[in-house]
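In what follows, a structure is listed as structure tokens, so that the remarks can point back to it.
The values are calculated or read from the model by the stated rules, or taken from the named source; none is laboratory data. Nothing here was measured: the structure is a model prediction, and the numbers come from that model. Here Cβ is always computed from backbone atoms with ideal geometry, including for glycine, and neighbour counts include all displayed protein chains. For accessibility, only protein heavy atoms count, side chains too; no ligands or nucleic acids. Shrake-Rupley method; radii C 1.70, N 1.55, O 1.52, S 1.80 Å.
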Amino acid sequence: MPSHTRAIDAVLLDMDGTILNSIKAAERVWRTWAERRGIDVDAFLPTIHGVQAVETIRRLGLAGIDPQNEAAEITKAEIEDVDGIEPIAGAAAFLAMLPHDKWGIVTSAPRVLALRRIKAAGLPLPPLLISAEDVKRSKPAPDGFMHAAERLGTLAHRCLVIEDSPAGIAAAASSGAQVLVVTATHHRPMEIRHPAITDYRDLALERLPDGALSISHAGGPSELPDRLSCVLPPCAPHPAA
């Protein structure tokens, strides 16, 4: 294995903006809520991505409202509105290549909303889903990724984390994981210190003779600041009956 290739034990992925695009649906719901509250919608909407709804509301410091109740109302509306949710290009094929026991999704969304959006996008349900209810501290804290790695029998620094938002990238980096950034839904360029792709068509996947999966950047511009190259071992054998 070349020295620049990193051995990993699992792949952990964010949901919104990473494997699917729910921006239109999410912003419809949040726009309605913000307008009702007299909030500057254009300034507010860019702040909603990558963190739990309750934290987004708390940061506003609005008087006379209960953030938990408001977040529950927004979540209910988001569950009902999934129109226009679609997969990030190449995500379905990428997920299909991953060994069933070596990947999971770590999202700041509540579980019921995450499952609803994954189904709406036509993507496979993950073998492991860490949602808002599963950790005390949400992104940018690393807890979700650390918990997911533990559930998969490894440590976060042995994982590849695929993310899109600043909060998620910070959480992944803090966990010690290898970070890959998906930029498909970015409205403006971000300063990124990690390997990045537009979508999953920018990755080269190769099944190695021993069954391991090689994940690396496909051909592309040489000016990339860093290029991904890692190897995921094959599925663990099922125990004998």
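Residue pairs whose Cβ atoms lie under 6 Å apart, sitting 6 or more positions apart in sequence or on different chains, and linking a residue in the range 177-202 that is more than 11 Å from residue 89 (Cα to Cα) to a partner that is among the acidic types (Asp, Glu) and outside any strand (DSSP E or B), are 195/226. Listed by position, the helices (runs of 4 or more DSSP H) enclosed by the range 1-81 that each have at least 1 residues that are over 25 Å from residue 183 (Cα atoms) are 23-36, 53-60, 67-80.
Considering the range 39-59, and only residues there that are over 24 Å from the mean Cα position of the chain (by Cα) and open to solvent by less than 70 Å² (accessible area, probe 1.4 Å), the residue that is farthest from residue 16 (Cα to Cα) turns out to be 39. Scanning the range 157-176 for residues that are in contact (Cβ under 8 Å) with a residue 60 or more places away in the chain, in contact with a Ser or Thr (Cβ under 8 Å, 6 or more places away or on another chain) and assigned to a helix (DSSP H, G or I) yields 167, 168. One residue stands out among those in the range 132-146 that are at pLDDT 95 or above and buried (at least 21 other Cβ atoms within 10 Å of the Cβ): the one that is farthest from residue 53 (Cα to Cα), which is 146. Among the residues of this structure, residue 93 counts as one that is surrounded by fewer than 19 Cβ atoms within 10 Å (Cβ to Cβ), modelled with pLDDT of 95 or more and touching a strand residue (DSSP E or B) at 6+ places or on another chain (Cβ under 9 Å). Of the numbered criteria (1) touching a Lys or Arg at 6+ places or on another chain (Cβ under 8 Å); (2) part of a helix (DSSP H, G or I); (3) small (Gly, Ala, Ser), the one residue 109 fails is (2).
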